[in-house]
Amino acid sequence: VPVAEDASLGTVVALLSVSDRDSGANGRVRCWVWPASPFALEATFAGSYSLVLREALDRERVSEYEVEVRAEDGGAPALRASRGLRVPVSDVNDN
């Protein structure tokens, strides 16, 4: 679903769930968005995250974002996974 270029900061763009079956430190998961973008991850509750808007969008400058959500557990060596997301930006000021 496109995100309007005039969406408010903090708008939820996607909901994600991340889990690891290990216990203790090995089961702790760290998540982040790559590359740097106008989006951030916020933990909502155990293993659930919201991808939220953290900067204003300008469709004339960037019409679509390709971001990757990366996750890594606390094991040694760490196990990693990623998921790509495409976030289209809808124009609100064209006539």
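The values are calculated or read from the model by the stated rules, or taken from the named source; none is laboratory data. Note that the structure is predicted; figures quoted are calculated from it, not measured. Cβ: placed from backbone, ideal geometry, glycine included. Neighbour counts: every protein chain shown. Protein only, heavy atoms only, side chains kept; ligands, DNA and RNA dropped before computing areas. Shrake-Rupley method; radii C 1.70, N 1.55, O 1.52, S 1.80 Å.
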| Is it fair to say S50 is among the polar types (S, T, N, Q), assigned to a loop (DSSP other than H, G, I, E, B), touching a strand residue (DSSP E or B) at 6+ places or on another chain (Cβ under 8 Å) and open to solvent by less than 30 Å² (accessible area, probe 1.4 Å)? | no
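Conditions tested, residue by residue: (1) free of Cβ contacts under 8 Å to residues at least 60 places away in the same chain; (2) under 14 Å from the mean Cα position of the chain (by Cα); (3) open to solvent by 60 Å² or more (accessible area, probe 1.4 Å).
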site: N26; (1), (2), (3): yes, no, yes
site: C31; (1), (2), (3): yes, yes, no
site: E55; (1), (2), (3): yes, yes, yes
site: R70; (1), (2), (3): yes, yes, yes
site: G74; (1), (2), (3): yes, no, no
| query | For S37, all conditions in the list (1) closer than 15 Å to A4 by Cβ; (2) part of a loop (DSSP other than H, G, I, E, B); (3) within 16 Å of the chain's Cα centre (by Cα) hold save one; what is the number of the exception? | reply | (1)
